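Undergrad: Before we start, here is the structure in question, set down as structure tokens.
What follows draws every value from the coordinates through simple rules; no lab data is involved. Treat the numbers as computed from the prediction; the structure is a model and nothing was measured. In this analysis, Cβ positions are derived from the backbone assuming ideal geometry, glycine residues included, and neighbour counts consider all displayed protein chains.
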Amino acid sequence: MSTPLIEVRNIGKTYGNVIALRDVSTEVRAGEVTCVLGDNGAGKSTLIKILAGVHQHDQGEFLFEGKPVRFSSPREALDAGIATVYQDLAVVPLMSVWRNFFLGAEPKKFGFMLDGRKGRETTKRALAEMGIDLRDVEQPVGTLSGGERQCVAIARAVHFGAKVLILDEPTAALGVKQAGVVLRYVAQARDRGLGVVLITHNPHHAYPVGDRFLLLKRGAPLGNYTKAEITLAELTRQMAGGAELEALEHELRGVQTS
Amino acid sequence: MTTPTSGSGQESDRATTSTKDERVASVSLTNRLIVRPEIGAALGALVVFLFFSVITEQFLTLSGVATWLDDASTLGIMAIAVALLMIGGEFDLSAGVMTASTALVTALLATQAGLNVWLALLLSLVFALAVGGFNGWLVMRTGLPSFIVTLGTFLALQGLNLGVTRLVTGTVQVSGMRATEGYESAGMLFASTFSIGGQPFRVSVLWWILLTVIAAFVLVKTRFGNWIFAVGGAPTSARAVGVPLVRTKILLFMTTAFAGWVVGSINILRFASVQANQGIGLELQFIIAAVVGGCLLTGGFGSAVGAAIGALIFGMARQGIVYAQWNSDWFMLFLGIMLLSAVLVNNALRRRAERVRR
């Protein structure tokens, strides 16, 4: 079996005397989706912030392509090939789709001018390759739906050569249908050989696209399964209990009827 | 089915029309026109122009045109810089008093220290860029609203202008520029006139047009322009994708200070003297012109050309009211109505641009 893109072994992080994360181990492989599930405060964001270079771990090992790493900034992680799409920070709403797409990596001509034609064409092509059909890449991203915005951000990460794509709650604020659209592009990114880390608190979103499931609870791992080892029902049962279960059942009905 | 946001009518409409092409087709032309930030200002300018052309006789004569263009020019030079800064998501309340500070620095260095005017202008430019850089650095460093920080520099500069001028000259004005070395040649650049059809026009009009073209080009056609929109529209997103947020904003503050220096230089070389209390209150006019020109107060949207047109409306209305022999009190009423309608139109536009949020 080949080396995983990302492997964490017994990784941990403390903020002062608060243990935010301990003894977490999992891996992310090219062409696979690793889902990180857990309720609020379970340590999901601490884990992805370590992977994205925002924070540094203080226990355990973080291997990227087999070598131990410790990113000191998001830029460093990005340069290594780990792109993170945050739920609220994906795009600048008032800017056009193609300007968003190239923000921070603008195509230039004559050394200082923005190459608008190239930008528009490349954006259109890159989006089309991901199966996103936008006729007008000049429209402000704000006119797109929440799902489409996430998709533009995903397509951007794929286009700029990310090896690992971290998605922070990409479906959280979306309706059922929109969430489905985003999950389809998650699968697209996976099929193009990226390793995907999908953070969510919704097992119904995670199960259809995930290959590996890491469950967190109060900063500690509750379980780490491959798809063959766990069913959706079991995943849901582990995630939730009592009142939460009811709410999830309600959502489950929504998924089935759509 | 979960609906996380309380959807408006438009949103639920969208949810039911499932096919993509239908949606895209409905966007097209109207949206593309309306999305231009300067459309409202251009229409407003046309109305003001036609109105005063019809009701007054001098408005459309060459000398009339020269007068209102001149009035609009110095305001316009500032308005486009302020517009860039506002698109970048910040305010500069010290911009008005900066036009006086730079003029005073130039005048004091030339008349009191006996420097060549060109050298005095250069040092004055350094001073302006330093103040602009300081504004930007402080805003970025502290994370305080630029409104407060530049209100501080506004008051500080105002005090410095009066205090230093009185200390050095014993009065609250600096004059005697005509006798200084280099006054004539520097005046050629900043305060001369050129003739069209026998009517002299101020060279400040050319500065205005030139700087508008440069600003519009930078904003739309360069990557720095892309960054200006990004740092104003969504600073954290911009930083997340690698836009140098701090550098971009500091440069924008320095641009405003630079524009203040240009206007200060035009004023001191044209009038050969400067009052220490000049420029106070102008900062709001710059912001108004930028807003009328389509800039959002919240940043991330706007246009340099729009701001130039906003200044043009100002100039035309101010001089038009004089030609119509109305009391100039009416100008403020006009200003208020214009500002309110501009903000209302802008707000509607932004809602349209951010329409579908789910």
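Undergrad: Segment A:75-114 to segment A:163-235: how many Å between their Cα centroids?
TA: 25 Å
Undergrad: In terms of modelled amide H atoms, which long-range or inter-chain residues lie less than 5 Å from the amide H of B:E181?
TA: Close amide H contacts, sequence-distant or interchain: B:V117.
Undergrad: From the phi of every residue in segment A:167-182, what ³J(HN,Hα) in whole Hz does the Karplus formula 6.51 cos²θ - 1.76 cosθ + 1.60 yield, where θ is phi - 60° and glycine or proline is x?
TA: Rounded to whole hertz, the list is 10, 8, 6, x, 9, 4, 8, 9, x, 4, 5, 4, 4, x, 4, 5.
Undergrad: Taking R0 as 30 Å, what FRET efficiency do you get between B:Q112 and B:E57 from their Cβ-Cβ distance, rounded to the nearest 0.05?
TA: Calculated value: 0.05.
Undergrad: Pairs A:K108/B:K249; A:K13/A:K163; A:K124/A:K177; A:K49/B:K221; A:K67/A:K217: which are spaced more than 26 Å apart, C-alpha to C-alpha?
TA: Over 26 Å apart, Cα to Cα: A:K49/B:K221; A:K67/A:K217.
Undergrad: I've got another one for you. Determine, at each q value in 0.09 (inverse angstroms), the log₁₀ of I(q)/I(0) that the Debye formula gives when each Cα of segment B:46-357 is one equal point scatterer.
TA: Summing over Cα pairs of segment B:46-357 leads to -0.46.
Undergrad: Would you calculate a helix-derived [θ] at 222 nm for chain B, using -39,500 (n - 2.57) for each DSSP H run of n ≥ 4 and dividing by the full residue count, to the nearest 500?
TA: Result for chain B, helices only: -24000 deg cm²/dmol.
Undergrad: Please list, ordered by chain and number, the residues whose modelled amide H lies under 5 Å from the amide H of A:K217; skip anything fewer than 5 residues away on the same chain.
TA: Correct list: A:L222.
Undergrad: Another question, if that's okay. By counting other Cβ atoms within 10 Å of each Cβ, how are B:T169, A:T200 ranked from fewest to most?
TA: By the 10 Å Cβ count, ascending, the order reads B:T169, A:T200.
Undergrad: Which distance in nm do the two modelled labels at B:S273 and A:D79 give, with both placed 7 Å along the Cα-to-Cβ direction?
TA: Calculated label separation equals 6.0 nm.
Undergrad: Right, another one. If we sort B:275-286, B:41-52, B:70-81 on the protection proxy, mean other Cβ atoms within 10 Å, highest first, what's the order?
TA: B:70-81, B:275-286, B:41-52
Undergrad: Could you line up B:F154, B:F334, A:F102 from fewest to most neighbouring Cβ atoms inside 10 Å?
TA: If I rank by nearby Cβ atoms, fewest first, I get B:F334, B:F154, A:F102.
Undergrad: May I pose another question? Go through segment A:95-195 and name the trypsin sites (Lys or Arg not before Pro) that are in a DSSP coil and have 16 or fewer other Cβ atoms within 10 Å of their Cβ.
TA: Those that pass, being in a loop and sparsely packed, are A:R135, A:R192.
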